[in-house]
Each structure stands twice: as structure tokens, then as C-alpha cells.
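Below: the structure, in C-alpha cells.
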Amino acid sequence: MGLASAEDTPRLTFQSQRSFGAVDRAEVTACRQHSAHAVGSVAALGLPYRILDISTGDLGQSHARQFDVEVYAPGCDMWLEVSSVSWFSDYQARRAAIRYRPAGGGAVQICDTLNGSALAVPRIWAALVETYRQSNGTIDLPACLHPYFRGSTSITSSVRS
């Protein structure tokens, strides 16, 4: 269950999946690699996408760098954020006392951390429907989804008159 509405009626909400990583000082490369997972999925779906390198003026206090992945939804003529990866330098690691000892030995060091969301399914679904909807109302499915729809290549309406 999600948060209650203004009328105090419970509503179901979608929660995005998040992944976390502790990385060494190759922070920007790791951040881009983490974003590449989301980009690969979006590209396989054939959706137009863009990657935003968020300006430092728009970052939260603890963020050191952030990349957002957006897909284009033609029905609403908007770019929808579907994934975000943030590098926090050692901010979170210091607060959580996350440390490591380098493989070759030496002094214990503080890690850098990454936070990344997986794909926001409702926004991906909206972009898929808007991008692949045909004039007869069917929705063509990208080839990568065929196995998950029991081999179907499209979604048709099951409404009967």
C-alpha cells in the first residue's frame, strides 16, 4: 500500500527498484556504467531516450554527480525520467562507516557510493503504449518482449461489443 489520498482512501502505488553500490575512486566511470544498464534496456525496447548529466546547481546537497535517463512519450509530448544514478562520493559511506582495505594491503579507506534506480515501469509502459499504438488500437510489441507475452507480437483489445 502506498500513501493515502486526500480523502484518506488507501491507494496502491508503484515503487521503483533501487540498487546501491560501493565503488572506488573511478566514480564517474562507475556512474556511467551503472546508467548503461538502464540505457541498454530502454534501447532494446526501441524507445527514444536521452541521458542527462545533471548540473551541479540542480544536485542535492549530498550528490556529487547524477545522470538521469529519460524516454520520450509521444502521446503527452514529454520526456519522462525512467532511471537515475547518483554518485555520492564518500558522503554516505562516512555516515554508514562503510570501509574497505585495498586488495594489495594498506590502510583502510572509505568507499564512494552510487545509488541507482532501475526502470520506472509505469513510465516505460506509458512510453511503450504511446510509441507502438497502431491506428486500429493494437499495440505492437518490441521483439525483446515477445517471450514475456507467450510469443505474441501485439496486444489487442479484448472488449466485445
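The values are calculated or read from the model by the stated rules, or taken from the named source; none is laboratory data. In this text the structure is predicted, and so the values were computed from the model without any measurement. Neighbour counts run over all protein chains shown; Cβ positions are idealised from the backbone, glycine included.
Side notes on the structure shown:
- Any hit, the stretch 127-141, residues being surrounded by fewer than 17 Cβ atoms within 10 Å (Cβ to Cβ) and closer than 27 Å to residue 34 by Cβ: no
- Test: residue in the stretch 69-88 that is part of a helix (DSSP H, G or I), surrounded by 13 or more Cβ atoms within 10 Å (Cβ to Cβ) and at pLDDT 80 or above: no
- Residue within the stretch 56-67 that is touching a residue at least 12 places away in the same chain (Cβ under 8 Å) and within 13 Å of residue 117 (Cα to Cα) present: yes
- Sole residue being assigned to a helix (DSSP H, G or I) and crowded, with 18+ Cβ neighbours inside 10 Å, chosen from 43, 38: 38
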